[in-house]
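Structure, as structure tokens:
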Amino acid sequence: MDFLRPTTWDEALAAKADQPDAVPIQGGTDVMVELNFDVRRPPALLDLGQVAELREWSTAGGMCRVGAGVPYTAVIEELGATLPGLAQAARTVGSPQIRNRGSVGGNLGAASPAGDSHPPLLAAGAVVEVESRGRGVRMIPAAEFYLGVKRSALEPDELIRAVHVPPATGPQYFSKVGTRNAMVIAVCSFALALHPRERRVGTGLGSAAPTPRRAIEAERLLAAELDWDAPLDPALLRRFGDLCARAAAPIDDVRGTAAYRVHAIGVMARRTLTWAWNDHLGKRAA
Ligand SMILES: Cc1cc2nc3c(=O)[nH]c(=O)nc-3n(C[C@H](O)[C@H](O)[C@H](O)COP(=O)(O)OP(=O)(O)OC[C@H]3O[C@@H](n4cnc5c(N)ncnc54)[C@H](O)[C@@H]3O)c2cc1C
């Protein structure tokens, strides 16, 4: 197996163009497990660990651009105020060791329906920046990035460079059901982001369908009926939870049944909207 070690982004793109079947490796917390278990044996690994710019983030131009190699620990320690939903999700990933090495870009690259970054990226309206040497940069909205179980819109000659996430303008929450509190893949998860300036609520479902997805009908309901100056109407809250549950299309597997997942999505949707709404009204009263 070849081990390619670019030190710049241009070298990385060139290596991927020359050898599209080279598997990128960032933190390695997914890739190394696959190699160890012989899930795949690629002809080459493309180590992105030396490409320094992938580990940087910035907030220039009103958008938070998070390099694909930024580890969860940095998201938690440095971006908690700017991207609270993503930071909450990051806190639930694996263990401290996994959070030190594992990255948001790696989560996107793996495109697992259970990846914890995806629901908050969907709820916030994130856009994934990918690039190839031949065709340049493509900006892919998170909602269009996930195509199937562990399948994404990334082409074989492309690499993920960064994810662009609008800084929070309102409360954001992430909720995850697991069989224990740490080191657990989500049975299912849910993220919610209030966008008060647009009078809009974003959602993201995890581990509840072949891909991470938004609950679009539920978002439409709130866009049409939510009174942003009043306490939450319990009937509206219930309908929101029901529509989020209906957006799920889960399977039975070792972690949980489809029926349980549908139920849990409804519960998490109601809970996170209640938490976010309390923050929203509390902030206005202060
Ligand atoms: C013990 C353990 C616990 C875990 N717990 C969780 C958890 O709670 N929640 C969760 O979501 N995940 C969990 N994971 C999975 C893993 O940690 C995450 O998916 C993590 O985000 C992967 O990031 P990485 O940088 O290590 O990716 P890598 O393993 O380096 O790569 C992952 C995938 O992305 C591709 N890739 C990486 N970088 C790029 C790039 N720049 N462009 C294109 N493709 C790229 C790789 O080729 C690979 O397919 C766990 C893993 C372990 C081993």
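The values are calculated or read from the model by the stated rules, or taken from the named source; none is laboratory data. None of these values were measured; they are calculated from a predicted model. We place every Cβ from the backbone using ideal geometry, glycine too, and count neighbours over all the protein chains shown. These accessible areas exclude ligands, DNA and RNA; they are computed on the full protein's heavy atoms, side chains included. Shrake-Rupley method; radii C 1.70, N 1.55, O 1.52, S 1.80 Å.
A few remarks follow.
- The set of residues from the stretch 22-56 being within 23 Å of Glu78 (Cα to Cα) and either touching a residue at least 60 places away in the same chain (Cβ under 8 Å) or within 10 Å of the ligand (Cβ to nearest atom) (or both) comprises Gln26, Gly27, Gly28, Thr29, Leu48, Gly49, Val51, Leu54.
- Every residue from the stretch 130-159 that is of a type in the set (D, E, K, R) and closer than 19 Å to Gly85 by Cβ: none
- Checked against the criterion of being touching a residue at least 60 places away in the same chain (Cβ under 8 Å) and within 16 Å of the ligand (Cβ to nearest atom), the candidates Ala193, Ala153, Ala162, Ala168 yield just one match: Ala162.
- Qualifying residue in the stretch 112-134 (condition: over 11 Å from the mean Cα position of the chain (by Cα), away from the ligand (no atom under 13 Å from the Cβ), surrounded by fewer than 23 Cβ atoms within 10 Å (Cβ to Cβ) and part of a loop (DSSP other than H, G, I, E, B)): yes
- Residues of the stretch 1-59 that turn out to be polar (S, T, N, Q) and not in a loop (DSSP other than H, G, I, E, B), as a count: 2
- Gly94 within 8 Å of the ligand (Cβ to nearest atom) and open to solvent by less than 40 Å² (accessible area, probe 1.4 Å): yes
- Residue list for the stretch 218-256, filter: open to solvent by 70 Å² or more (accessible area, probe 1.4 Å) and either at pLDDT 95 or above or over 28 Å from Gly178 (Cα atoms) (or both): Arg220, Ala224, Glu225, Asp227, Asp229, Pro231, Asp233, Pro234, Arg238, Arg239, Asp242, Arg246
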